[in-house]
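> Quick one: this structure, given as structure tokens, is what I'll be asking you about.
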Amino acid sequence: MRQTGIWNAAHGVEAFGLERLSGVSWNFGAPALIERAVRRGEAQLSAAGALVGESVTIPATILRVAEDGLSSDGFDALRADMADHAAGRELFAQDLHAGDRRTPLRVFAEHAWRALFAASSFERSDRAQLEQFIPALTVLDLPSFRPDAASHGVSGPFVAIDAERGIVLSGGGASASALVKAIADAVVGVEAPSGDEIRLNAAVTDGAAVALIVGAEGSGKSSLVGPDGLTEGVVGWSMQGLSGVDKPAAQAGITPQWGFGSVVENASLDPDTREPQSEGTLATPLASGALRPSDLFILARDAFGVLPPIARLDVEGAVRFMLLGYGPEVSSEGPQATFDPGFGAAEDLDAYGETLGRLIAEQDVRCWLVNTGWVGPASDETRVPLEATRALVAAARSGALDGLERRASKMFGFEVPVDVPDVDPLLFQPRKAWGDKRAFLAAARELKAEFETAAERLGLSAQDAAEDDEAPFREAAE
């Protein structure tokens, strides 16, 4: 096997189980990678000097071990078949650093232009680092590998992630930009949380301010992200900010340019002038950790028809709803309360809750409970309209809800706006939705009992109550 470049010979390609390659080009700089890519017919140069490569435009399927139906054995079988496919090929290796903790990242790419795309998206290592480099996360990128649905459980473009073992596999022609996003996601799983960091299964959206949106599967996170969405998946949150989030290039102080050394995916060029006819995706460094959330939205697709369309939570209430992970279901037997502690992201509830509360308080994050389910008995007529939910979330993020009068509910530990401009006031009047105040109060008490049972099972402290605990609900029902 012919190997050129600079690398740690004590921890080279053999350590990853790739032993039958024709060669490895280690840590080439942009000029050498561009030269190889053009010579091999992988990509072409634009008039401005940018390297332009092409990938399929079909979205890649993202598979994670222990999730998405992918077992460790299935991942190992896929890895072995990809290693066989790589036999006799030259790979381009890049030793990089990714994430807030500069996780050592090694990328083995089949194409030189894709190696440059990865190197342009993460931090390069200097010579001294290269000679001692040991990766915590290794990526094998083989666009020409075609998975078999019967053998691998996937067909077409894919990215498979085993964060526990620090391995990412990409094939089927998955785009370079999709791979980079998957790597950023995997880095969050590889990096061990520090004492002041927690993980969340969240959607992150930008705009005037950054918002975290969490909730059970099917609660509507994707519907609320909108065009300002930055990411959806596992993110880290610490005193330094958010990690695992693709920060917009403009916010990161990066001005994308089509110059020599840059690399662009799926841009069309005029065959004669090589001027771009479409923009494509320009590889730019991912900047994580500088973003801090201003709002935390906890979604509850309430099937009991009791919770308001939006309510303000104090720190204690937000921590409690996060730890409970309320995600009800509707069945033929009526609403069923389900609970997924921390929405699947919490292992040690006490430590998670303590850190979450400190982050909310010290970063002055506004917290909201958002009911994306029903107000009244579950039916098409009582479902909270998506347009109303979006309007309420937008109003909360803009600060428009901050000065409104709110009615406190000690039963559930939140405050409900009395009147929100441009939102149907009937959504805040459960009495009319239920038609029977006794039925409404019975449903509220049933849901409260479900919360208390779940809290006791999880070892959470009992919520303070008062004699007039149900007063706001009686008032709403009358």
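> Relative to the compact globular guide of 2.2 N^0.38 Å, what is the alpha carbon radius of gyration of the chain, as a ratio?
So the Cα radius of gyration is 1.11 times the expected 2.2 N^0.38 Å.
> Then there is this: Based on Cα positions only, what radius of gyration and what Dmax would you give for the range 323-425, in angstroms?
Both quantities, over Cα of the range 323-425: 15.9, 44 Å.
> Still on this structure: Take every DSSP beta bridge whose two residues both sit in the chain, then give the antiparallel share in percent to the nearest 5.
55 percent
> Turning to a different aspect of this structure: Using Cα atoms only, what is the angle between the long axis of helix 112-121 and the major principal axis of the chain, expressed in degrees (0 to 90) to the nearest 10?
40 degrees
> Treating the beta-carbon of each Lys and Arg as +1 and of each Asp and Glu as -1, no other charges, what is the dipole magnitude of the range 293-477 about its Cα centre, to the nearest 20 debye? Numbers along the way, then the final one.
On the way: 19 positive and 33 negative charges, 94 e Å.
Using only the charged Cβ atoms, the result is roughly 460 debye.
> Hey, what did the range 293-477 get for relative contact order, percent, Cα under 8 Å, at least 6 apart?
In percent, rounded to a whole number, it is 27.
> Which order do peptides 443-455, 77-89 fall in by mean Cβ count within 10 Å, highest first?
Descending mean neighbour count gives 443-455, 77-89.
> Nearest 5 percent is fine: what portion of the DSSP beta bridges confined to the range 293-477 is antiparallel? Working shown, then result.
Values: 15 of 21 bridges.
Of those bridges, close to 70 percent are antiparallel.
> Find the percent of Cα-Cα distances in the range 2-159 that exceed 24 Å, and round it to a whole number.
37 percent
> Another question, then. With Cβ to Cβ distances under 12 Å as the rule, what net charge do the other residues near Asp419 carry (K, R +1; D, E -1)? Write down the numbers at each step before the final one.
Values: positive: Arg406, Arg407; negative: Glu405, Asp422, Asp424.
Taking every Cβ under 12 Å from that of Asp419, the sum is -1.
> If you don't mind, there's one more thing I want to ask. Take every DSSP beta bridge whose two residues both sit in the range 121-182, then give the antiparallel share in percent to the nearest 5.
Taking every DSSP beta bridge within the range 121-182, about 50 percent pair in antiparallel fashion.
> Continuing with the same structure: Quick one: net charge around Ala267, please, counting Lys, Arg +1 and Asp, Glu -1 for every other residue with C-beta under 10 Å from its C-beta.
Summing Lys and Arg as +1 and Asp and Glu as -1 gives -3.
> Follow-up question, since we're still on this one. Taking the alpha-carbon centroid of each part, what is the distance from the range 265-279 to the range 45-124 in angstrom?
When both Cα centres are located, 24 Å separates them.
> Using the Cα centre of the chain as origin and beta-carbon charges of +1 (Lys, Arg) and -1 (Asp, Glu), tell me which of Ser461, Gly23, Ala178 is placed farthest towards the positive end of the dipole.
Gly23
> I'd like the distance separating the alpha-carbon centroids of the range 407-438 and the range 349-406, in whole Å.
Going from one Cα centre to the other spans 14 Å.
> What dipole magnitude, in Debye to the nearest 20, does the chain give about its Cα centre under +1 on Lys/Arg Cβ and -1 on Asp/Glu Cβ?
1000 debye
> Shifting gears a bit: Nearest 10 degrees is fine. How inclined is helix 30-39 to the longest principal axis of the chain, computing both from alpha carbons?
Roughly 70 degrees, rounded to the nearest 10.
> Tell me the mean residue ellipticity at 222 nm calculated for the chain from its helices only (DSSP H runs of n ≥ 4, each -39500 (n - 2.57), averaged over every residue, nearest 500).
Value at 222 nm, helices only: -8500 deg cm²/dmol.
> Positive end of the dipole of the range 335-432, charges at C-beta (+1 Lys, Arg; -1 Asp, Glu), about the Cα centre: which of Phe428, Ala346, Val416 has its Cα farthest in that direction?
Phe428
> Ordered by packing density, taken as the mean number of other Cβ atoms within 10 Å over each peptide's residues, highest first, how do 401-408, 175-182, 140-147, 431-438 rank?
175-182, 140-147, 431-438, 401-408
> Grab every C-alpha pair in the range 293-477, bin the distances at 10 angstrom width from 0 up to the longest one, and report whole percents.
Answer for the range 293-477: a P(r) of 9, 38, 39, 13, 0 percent.
No value in this document is a laboratory result; all are computed from the given coordinates. Since the model is a prediction, treat every value here as computed from it, not as a measurement. Because the Cβ atoms are built from the backbone with ideal geometry, glycine has one as well, and the counts that use them run over all protein chains shown.
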